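Please read the structure below before turning to the comments.
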Amino acid sequence: MGPTEAAAPELAAVSEPEFAGPAQRETLDPQDWEGFRTLAHRTLDRMIDLQRDIRDEPVWRQVPDDVERRFQEAAPVDGAPIEEVLRDVAQLVVPYPTGNLHPRFWGWVGGTGSPTGMLGDLIAAGTNSVAGNFNDAAARVEEQVTRWMADAIGMPTGTTGLITSGGSVANLVGLAAARDAVAGFDVPGRGVRAAPGQLALYASTEVHSSVTKAAQLLGIGRDGLRLIPTDAQYRIDTNLLSRTMREDRADGFVPIGIVGNAGTVNTGAIDDLDRLADIARDESVWLHVDGAFGAVAALSDNLRPLLRGLERADSVALDFHKWMYVPYEAGAVLVRDADALKRPFASDAAYLAPPPRGVGAQPDPANGRGPQLSRGFKALKVWMLIKEQGLAKYGRLVEQNVRDVRHLAALIDSHPDLDRVAPAPLNVVCFRYAPRGAAPDAPLDEWNQEILMRLQERGIAVPSSTVLRGHFVLRVANVNHRTRAEDFDLLVRETLRIGRELSG
Ligand SMILES: *Cc1c(COP(=O)(O)O)cnc(C)c1O
């Protein structure tokens with residue numbers, strides 16, 4: 001009996017469900033392209049005006065209750081004309097941004113973006129390229145941007161990498177490569193439980209929370225992330241690091257890597273990266289540098305010496321959306337050993353195997369260098385900005401931010417009612433209001449928290465805060481190409497004014 005003879009009656013017995021599809025053909029393309037064009041141009045104009053006029057706006061506004069209620073509405077079953085949707089955007093969304101476009105936003109490490117970057121995202125969305133996996137321009141743009149950054153940092157030819165959503169994923173990817181390169185067994189195949197002991201990663205107590213998350217996700221765990229105390233400058237104590245690694249090995253830990261900080265989030269401290277590279281070499285472990293914002297200082301000839309040793313790292317994480325003024329999101333991880341980067345992300349899916357020619361002919365697809373398959377074309381805005389501005393101008397912008405922060409630090413230092421609580425080696429300064437003659441039990445932490453909230457609520461400025469040596473402090477991180485020195489004069493004036501409202 002041939003296969004066709006028996007199959008026919010059974011197939012006929014399976015009844016198709018009633019399904020005719022929609023009565024009319026549907027599409028999401030506009031019916032009136034010219035009308036859409038007019039609306040789209042007007043929308044672009046609004047976004048250009050927003051960026052041009054941002055200095056005249058408050059830095060931030062609270063979302064009011066009537067607007068808040070609109071966000072509770074259920075999803076519409078039937079749509080509305082785009083004019084109506086854009087009206088909602090104008091009333092509900094555009095007036096209530098995070099605030100980081102503004103010249104006086106210095107909270108967290110909030111990047112300002114830039115008009116050219118906005119155009120890059122428009123074009124990326126317009127072409128809708130799925131970046132990195134195909135035989136197209138997007139893959140080439142990504143590769144070129146990665147190479148430019150590796151060169152700028154001084155990493156060797158052959159360094160590869162991946163454009164990521166930001167520093168967090170860049171840290172995760174770099175540390176996955178570290179783990180699988182150093183652990184000494186087939187981690188992707190056998191899993192971390194096959195390790196002869198607890199895998200261990202070393203970093204200072206100032207390391208960013210995204211590294212803790214990476215340790216959690218990679219099966220290293222918070223127990224395996226060994227946090228080493230810092231010196232008075234908030235840099236890792238390298239002697240203590242070496243000693244801890246030796247002791248840990250004796251205790252059965254399996255050290256796999258060191259995470260160096262090029263610009264800690266709290267104070268902008270830069271670890272002695274050259275020394276860390278020596279220790280990593282001597283201990284046969286990986287050196288990953290979290291340079292989310294600080295690595296960009298390498299673009300300045302005057303600041304690069306602060307980062308000595310960065311070029312010796314096995315992997316470096318950096319952000320474009322912070323100190324390179326690219327709109328969210330974009331970051332990168334750069335990895336010296338191309339094979340090491342591929343190890344954690346290998347897959348043999350037949351549907352992804354690149355053919356010799358055609359759309360799929362991409363011999364080194366990005367999905368083999370990171371956790372994502374489909375990715376947006378985030379490299380385009382970076383590529384456009386670097387082409388337009390050039391790396392030398394980037395170096396000058398970074399220096400300008402550092403110079404302005406030194407100006408702010410000097411203002412703080414010269415005022416008896418303000419305390420600068422940490423060194424400011426880069427673009428971050430931490431300080432607090434501590435009026436002369438205040439009672440020993442004056443609630444300084446409360447006052448400073450209140451100063452922070454009032455500065456923000458009044459739309460004056462957005463610093464953020466942290467806790468250093470047990471004290472609540474105000475924190476300014478300047479990655480803002482719109483800030484002028486006088487914006488910091490205003491910050492100091494208003495901080496003192498609010499401080500006096502509180503302390504009487
Ligand atoms: C911001 C930051 C990160 C995380 O980067 P994202 O882009 O926010 O994911 C990591 N490390 C440092 C030092 C940072 O400042």
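For segment 112-123, indicate whether the set of residues that are within 16 Å of the ligand (Cβ to nearest atom), in contact with a Lys or Arg (Cβ under 6 Å, 6 or more places away or on another chain) and under 26 Å from Ala280 (Cα atoms) is non-empty.
no
Looking at the structure I just gave you, is Phe185 at pLDDT 95 or above and under 30 Å from Leu225 (Cβ atoms)? Steps first, please.
Values: at pLDDT 95 or above: yes; under 30 Å from Leu225 (Cβ atoms): yes.
So Phe185 passes the test.
Please enumerate the residues belonging to segment 228-252 that are more than 30 Å from His471 (Cβ to Cβ) and crowded, with 20+ Cβ neighbours inside 10 Å. Don't jump to the end; show me each part of the working.
In the first step, residues of segment 228-252 are kept if they are more than 30 Å from His471 (Cβ to Cβ); the result is 242, 245-252.
Selection gives Met245 alone.
Within segment 350-367, is there a residue that is surrounded by 14 or more Cβ atoms within 10 Å (Cβ to Cβ), away from the ligand (no atom under 16 Å from the Cβ), farther than 24 Å from Ser165 by Cα and of a type in the set (S, T, N, Q)?
No: segment 350-367 contains no residue that is surrounded by 14 or more Cβ atoms within 10 Å (Cβ to Cβ), away from the ligand (no atom under 16 Å from the Cβ), farther than 24 Å from Ser165 by Cα and of a type in the set (S, T, N, Q).
What residue, among those in segment 202-218 that are closer than 20 Å to Ala277 by Cα and buried (at least 16 other Cβ atoms within 10 Å of the Cβ), is farthest from the ligand (Cβ to nearest atom)?
Restricting attention to segment 202-218, the residues satisfying the condition of being closer than 20 Å to Ala277 by Cα are 202-208, 211.
So of that shortlist, the ones also buried (at least 16 other Cβ atoms within 10 Å of the Cβ) come out as 202-204, 206-208, 211.
Working: Tyr202: 16, Ala203: 11, Ser204: 11, Glu206: 9, Val207: 8, His208: 3, Val211: 7 Å.
Here the residue is Tyr202.
From the set of residues in segment 132-157 that are in a loop (DSSP other than H, G, I, E, B) and among the hydrophobic types (A, V, I, L, M, F, W, C), which is nearest to Arg308 (Cα to Cα)? Walk me through it before giving the result.
Start the filter on segment 132-157 by keeping residues that are in a loop (DSSP other than H, G, I, E, B), which leaves 132-136, 154-157.
Keeping just the survivors that are among the hydrophobic types (A, V, I, L, M, F, W, C) gives 134, 155.
Numbers: Phe134: 37, Met155: 12 Å.
Here the residue is Met155.
Going through Asp248, Asp272 one at a time, which residue ends up being charged (D, E, K, R) and closer than 28 Å to Ile153 by Cα? Steps first, please.
Values: Asp248 fails: closer than 28 Å to Ile153 by Cα.
Of Asp248, Asp272, the one residue that is charged (D, E, K, R) and closer than 28 Å to Ile153 by Cα is Asp272.
Pairs needed: first member in segment 400-419, under 16 Å from Arg497 (Cβ atoms) and in contact (Cβ under 8 Å) with a residue 12 or more places away in the chain; second member anywhere, of a type in the set (Gly, Ala, Ser) and in a helix (DSSP H, G or I); C-beta distance under 7 Å; at least 6 residues apart or different chains.
Qualifying pairs under 7 Å: Asp417/Gly499.
Of everything in segment 51-103 that's in contact (Cβ under 8 Å) with a residue 24 or more places away in the chain, within 25 Å of Val462 (Cα to Cα) and open to solvent by 80 Å² or more (accessible area, probe 1.4 Å), which residue is nearest to the chain's Cα centre (by Cα)?
This residue is Thr98.
Among the residues of segment 293-335, write down those that are away from the ligand (no atom under 16 Å from the Cβ), open to solvent by less than 10 Å² (accessible area, probe 1.4 Å) and part of a loop (DSSP other than H, G, I, E, B).
Within segment 293-335, Ser300, Gly309 qualify.
Just need a number here: residues in segment 353-385 that are in contact with a Leu (Cβ under 8 Å, 6 or more places away or on another chain) and not in a loop (DSSP other than H, G, I, E, B).
Residues that pass the stated criteria total 4.
Go through segment 219-274 and report how many residues are within 16 Å of the ligand (Cβ to nearest atom), of a type outside the set (Gly, Ala, Ser) and not in a loop (DSSP other than H, G, I, E, B).
So the count comes out to 9.
Residue-by-condition table, conditions (1) over 22 Å from the mean Cα position of the chain (by Cα); (2) more than 16 Å from the ligand (Cβ to nearest atom); (3) touching a residue at least 40 places away in the same chain (Cβ under 8 Å):
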| site | (1), (2), (3) |
| --- | --- |
| Ile153 | no, no, yes |
| Gly161 | no, no, yes |
| Gly167 | no, no, yes |
| Gly174 | no, no, yes |
| Arg193 | yes, yes, no |
| Ala200 | yes, yes, yes |
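Is it the case that segment 180-200 has a residue that's within 15 Å of Val285 (Cα to Cα), assigned to a strand (DSSP E or B) and either open to solvent by 30 Å² or more (accessible area, probe 1.4 Å) or of a type outside the set (Val, Ile, Thr) (or both)? Break it down stepwise before answering.
Let us first name the residues in segment 180-200 that are within 15 Å of Val285 (Cα to Cα), namely 180-185, 198-200.
In the following step, the residues that additionally are assigned to a strand (DSSP E or B) were identified as 199-200.
Those still in the list that are either open to solvent by 30 Å² or more (accessible area, probe 1.4 Å) or of a type outside the set (Val, Ile, Thr) (or both) too: 199-200.
Looking for residues that are within 15 Å of Val285 (Cα to Cα), assigned to a strand (DSSP E or B) and either open to solvent by 30 Å² or more (accessible area, probe 1.4 Å) or of a type outside the set (Val, Ile, Thr) (or both), one finds at least one in segment 180-200, hence yes.
With the condition kept exactly as written, say whether any residue in segment 275-287 is over 16 Å from Leu201 (Cα atoms) and touching a residue at least 12 places away in the same chain (Cβ under 8 Å).
yes
A quick yes/no check of all residues on (1) of a type in the set (S, T, N, Q); (2) under 30 Å from Asn133 (Cα atoms):
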| residue | (1), (2) |
| --- | --- |
| Lys378 | no, yes |
| Asp404 | no, no |
| Val428 | no, no |
| Pro435 | no, no |
| Glu450 | no, no |
| Leu455 | no, no |
| Thr466 | yes, no |
| Ala477 | no, no |
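Criterion first (more than 30 Å from Met149 (Cα to Cα), open to solvent by less than 30 Å² (accessible area, probe 1.4 Å) and in a helix (DSSP H, G or I)) does Leu491 satisfy it?
Details: more than 30 Å from Met149 (Cα to Cα): yes; open to solvent by less than 30 Å² (accessible area, probe 1.4 Å): yes; in a helix (DSSP H, G or I): yes.
Spelling it out, Leu491 is indeed more than 30 Å from Met149 (Cα to Cα), open to solvent by less than 30 Å² (accessible area, probe 1.4 Å) and in a helix (DSSP H, G or I).
The values are calculated or read from the model by the stated rules, or taken from the named source; none is laboratory data. What you see is a predicted model; the values in this text were computed from it and never measured. Counting neighbours? That spans all protein chains shown, and the Cβs are built from the backbone with ideal geometry, glycine included. Side chains included, ligands, DNA and RNA excluded: accessible areas come from the protein's heavy atoms. Shrake-Rupley method; radii C 1.70, N 1.55, O 1.52, S 1.80 Å.
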